[in-house]
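**Q** Just passing along the structure, written as structure tokens.
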Amino acid sequence: MPALPVLFRDDRLLAVDKPSGLLVHRGWGGDRVTALDLARRIAGRRVYPVHRLDRGTSGVLVFALDSEAARRLGGAFAGGGGTDGAGTGAPEVEAAEIEAAETAERTGTAGEAGEAARDATIAKVEKVYVALVRGHAPDETVVDHPIPRSEGGPRVPAVTTVRRLGVAELEPGRVYSLVEARPATGRLHQVRRHLKHLAHPVIGDVEYGKGEHNRFFRERFGLHRLALHALALALPHPSTGERLFLAAPVPADLAGPLAALGLQVPSAMQELSQDTKLESRVQGPDQAVPPTRSPRRVPEPK
């Protein structure tokens, strides 16, 4: 089995850097090896998925290491900033993994009098994605567009803040943007759907994108993946409620094509630490990336 880079681990949580192409669990496919399998191998024990990333998305992925932590983190993810997927994953997998937590609640073994007060202090999860998209994206905008929470379900409110980080023009009429996306809710393929709603679909997205542009990037830049990366995540630690900050560097299979376009994810985003607030490093005035006013033209290869 391939190894997963570990971003954080203690007795309650395990955070890994998921590569593009790896399923989180078998509830969404029949793959022989999943991120859940690899996380169990790392932890040497049962792990609980508390959110998910789509197969093609890389980046920060968190597992709980006990049922109470799974319940508490599941509530935090449900409170906001979810994932590019649907909640914590497929319903049948959720039921199997969280059943122990629900049993603990019913029997009173999940905590004593301080539990309710501690739950009240738990803040929502915040996530930051970066994506390469088609077209000249706006400087910054908020997408407020309802989408299904799960496949075939009714449309529910969904909000994502999108900010442009850079633009590359390969030739007249062929322009691409690097954007930051911050989902305030967790719906099915939320980031991908909202970027399509803006008419700026993610490159490499075979479901919501355009085949012409996907083929262009495969042939010219060797991009054989979805150009979406879960860069950073802030979440409350299930034991203390203190904010935990996690970040995964942009992997080579995405960083290479971005570099060829003259685009780079700001280093401030890749240097998040536990003692630095996500808000100040990503959105603060000192760290903000000035909007690109004119596209960068990429020369044709000789």
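The values are calculated or read from the model by the stated rules, or taken from the named source; none is laboratory data. Nothing here was measured: the structure is a model prediction, and the numbers come from that model. Here Cβ is always computed from backbone atoms with ideal geometry, including for glycine, and neighbour counts include all displayed protein chains.
**Q** Could you tell me which numbered condition D205 fails, if it satisfies all but one of (1) touching a His at 6+ places or on another chain (Cβ under 8 Å); (2) buried (at least 19 other Cβ atoms within 10 Å of the Cβ); (3) among the acidic types (D, E)?
**A** It is condition (1) that D205 fails.
**Q** Among the candidates T141, T109, T88, single out the residue that is under 21 Å from the mean Cα position of the chain (by Cα), modelled with pLDDT under 80 and of a type in the set (V, I, T).
**A** T88
**Q** In this structure, does V156 turn out to be surrounded by fewer than 20 Cβ atoms within 10 Å (Cβ to Cβ) and out of contact with any helix residue (DSSP H, G or I) (no Cβ under 8 Å at 6 or more places or on another chain)?
**A** yes
**Q** Here's another thing I want to ask about it. When residues of region 248-262 are filtered for being surrounded by 22 or more Cβ atoms within 10 Å (Cβ to Cβ) and in contact with a Ser or Thr (Cβ under 8 Å, 6 or more places away or on another chain), how many remain?
**A** 2
Matching residues to (1) modelled with pLDDT under 85; (2) on the phi > 0 side of the Ramachandran plot; (3) not polar (S, T, N, Q):
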| position | (1), (2), (3) |
| --- | --- |
| I122 | yes, no, yes |
| S150 | yes, no, no |
| R174 | no, no, yes |
| E180 | no, no, yes |
| H189 | no, yes, yes |
